[in-house]
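Since the structure comes first, as structure tokens, the remarks are kept for the end.
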Amino acid sequence: MVLDMFKLDGKVAIVTGANTGLGQGMCVGLAEAGAKVVGVARRSCDETAALIKEINGEFTAVIADLSSTEVIDDIISQTLKAYGRIDILVNNAGIIKREDAINYTMADWDAVYAVNQKEVFFLSQAVAKQLIKQGEGGKIINVASMLSYQGGIRVPAYTASKSAILGLTRALANEWAKYNIQVNAIAPGYMATNNTEQLRNDENRSTEILDRIPAGRWGTPADMQGTVVWLASKASDYVNGFTVAVDGGWLAR
Ligand code: NAP
């Protein structure tokens, strides 16, 4: 049955940035589909744990600051200790720092790149090594952005890092397809989370953005669930290196 292909029973998923926003929504979606979820965050994941408990799902939190690659070995070993294997990685954690390009500092640039790029690559590499060792393939899902396609305003490091996610997704998909590892990405549109709080609080920008979204509303963490489950499941086994927009039609405009 085709719907059985979407089931994640027995699978183990690592999701970064699991305490809030899109990461929290994807943790719940993956758990609802049957996966055991390891949520990585620098703060408490109690809220996410409670949401997953409500649906009788399984969740383990790993507290780690993803601005350093030194935490990677611990994320892998805590996941293996909790559930014995890894099948899915969702590279969701990301930061945005807004400033005019002319005044943008190296410190802000490095901070954005550390989380949005360096960590994504090296955590993916560590997970891929484990997937190859297990010999049963797996799924890596990156989180891109509308700014993987467009320039944006006052967010040069974010735009550069998210544009690079598109290329990195393709590059890793090419090299790891032979291990039955599919690497894909989701490009969320304008979603109501902490990431867009400043934009939503600015009445002019908020109206401009809403006017341009064909769906006529901001996205929500729940809007990510169908796509992340699809990309984490057998239903996407012949989808490699692609970035799917979940954007209420923003890019179609
Ligand atoms: P968010 O609420 O700001 O979530 C970002 C997540 O990343 C949070 O869990 C955050 O933890 C975590 N994170 C950031 N730096 C970290 C670090 N050094 N160590 C550990 N965790 C860290 O915003 P969101 O919208 O859900 O963002 C999720 C992803 O979607 C990001 O990659 C973002 O760029 C992307 N995205 C969002 C939108 C949108 O419109 N919202 C659009 C396109 C793409 P804290 O809570 O501790 O900060």
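The values are calculated or read from the model by the stated rules, or taken from the named source; none is laboratory data. Predicted, not measured: the structure shown is a model, and the values here were computed from it. All Cβ positions, even for glycine, are placed from backbone atoms using ideal geometry, and neighbour counts span all protein chains on display. Protein only, heavy atoms only, side chains kept; ligands, DNA and RNA dropped before computing areas. Shrake-Rupley method; radii C 1.70, N 1.55, O 1.52, S 1.80 Å.
The residues of the range 165-203 that are at pLDDT 95 or above, within 24 Å of Asp100 (Cα to Cα) and surrounded by fewer than 19 Cβ atoms within 10 Å (Cβ to Cβ) amount to a single one, Ala192. The set of residues in the range 96-135 being open to solvent by less than 40 Å² (accessible area, probe 1.4 Å), of a type in the set (A, V, I, L, M) and closer than 30 Å to Ala177 by Cβ consists of Val112, Ala114, Val115, Val120, Leu123, Ala126, Val127, Ala128, Leu131.
Filtering Ala13, Ala50 for residues that are more than 13 Å from the ligand (Cβ to nearest atom) and either assigned to a strand (DSSP E or B) or under 21 Å from Val239 (Cα atoms) (or both) leaves a single hit, Ala13.
If you filter the range 108-154 down to residues that are of a type in the set (S, T, N, Q) and without any contact (Cβ under 8 Å) to a residue 40 or more places away in the chain, you find that the one that is farthest from the ligand (Cβ to nearest atom) is Gln125. Taken over the range 53-74, the residue count meeting the criterion of being within 18 Å of Ala35 (Cα to Cα) and either modelled with pLDDT under 95 or away from the ligand (no atom under 12 Å from the Cβ) (or both) is 8. Taking the range 31-47 as the range and being open to solvent by less than 10 Å² (accessible area, probe 1.4 Å), closer than 21 Å to Val115 by Cα and either within 13 Å of the ligand (Cβ to nearest atom) or not β-branched (Val, Ile, Thr) (or both) as the test, the residues that pass are Gly39, Val40, Ala41, Cys45.
Evaluating Thr105 against the criteria (1) over 25 Å from Glu70 (Cα atoms); (2) over 19 Å from the mean Cα position of the chain (by Cα); (3) without any contact (Cβ under 8 Å) to a residue 40 or more places away in the chain leaves one unmet condition, (1). Being surrounded by fewer than 22 Cβ atoms within 10 Å (Cβ to Cβ), of a type in the set (S, T, N, Q) and touching a helix residue (DSSP H, G or I) at 6+ places or on another chain (Cβ under 6 Å) is a property that holds for Ser206.
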